[in-house]
Amino acid sequence: MSKTKQDYLDEKVKLAYHYSEQNRFFRKVRGIVIKGDKVLLLSLNRNERSRYSLPGGGIDEGENLKQAVKREVFEETGARVKPIKLISKSFYTIPMMCDGKKFFSRRVEFFYICKFLYYEHVDHLGLEGEFDDKVKVVELDYSALNKTKLKPAVVKTIIEYVNSSPAFKPNSKSVRKA
């Protein structure tokens with residue numbers, strides 16, 4: 001039997017609560033997937049407006065960062081990627097509720113630059129059932145990144161890294177900062 005979106009969300013809240021009870025961080029990864037002169041993002045369409053997110057999610061027990069980012073990007077986009085470099089991490093806290101109890105989920109999120117390899121599949125709603133039909137995989141060029149609500153530091157880091165890394169030199173053009 002497949003999970004519903006609500007089952008998926010309930011499971012994640014319980015895991016976050018379990019981690020908070022153990023005074024552990026909920027660890028997550030995000031993939032900054034470079035595909036030629038574009039970046040792979042999730043577009044979350046709400047009320048005729050798009051909001052963008054980097055693909056990613058929780059790190060499973062026993063999984064290292066590279067394994068987690070490869071798995072999460074694949075689950076959410078259908079893309080196979082090669083993690084290139086960890087470029088930043090972010091610490092934050094989210095207030096949550098589990099079974100009527102308030103708690104704070106302490107989180108650490110790792111951001112990995114990844115090179116796109118190929119799509120294995122693209123037409124899905126997330127392999128774990130976490131998405132609805134309002135979520136789409138999109139490819140935005142670098143200039144369009146500046147118009148998203150991604151953190152400016154993330155956009156700046158993406159552009160600087162792509163311009164300086166030999167892993168992304170086939171284009172031979174420098175990306176302009178807006």
Relative contact order in percent for the stretch 5-169 (Cα pairs under 8 Å, 6+ apart) equals 29 percent
The FRET efficiency for Ile94 and Val138, from their Cβ-Cβ distance with R0 = 35 Å and rounded to 0.05, is 0.85
Here FRET efficiency (C-beta to C-beta, Glu21 to Leu86, R₀ 35 Å, nearest 0.05) is 0.80
Placing each pseudo-label 7 Å from Cα in the direction of the beta carbon, Lys102 and Glu11 end up separated by a distance in nanometres of 2.9 nm
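Read the figures in this text as sums done on the coordinates, not as results from a lab. Everything numeric here is computed off the predicted structure, so don't read it as measured data. Using ideal geometry, Cβ is built from the backbone for each residue, glycine included, and neighbour counts are taken over all protein chains shown.
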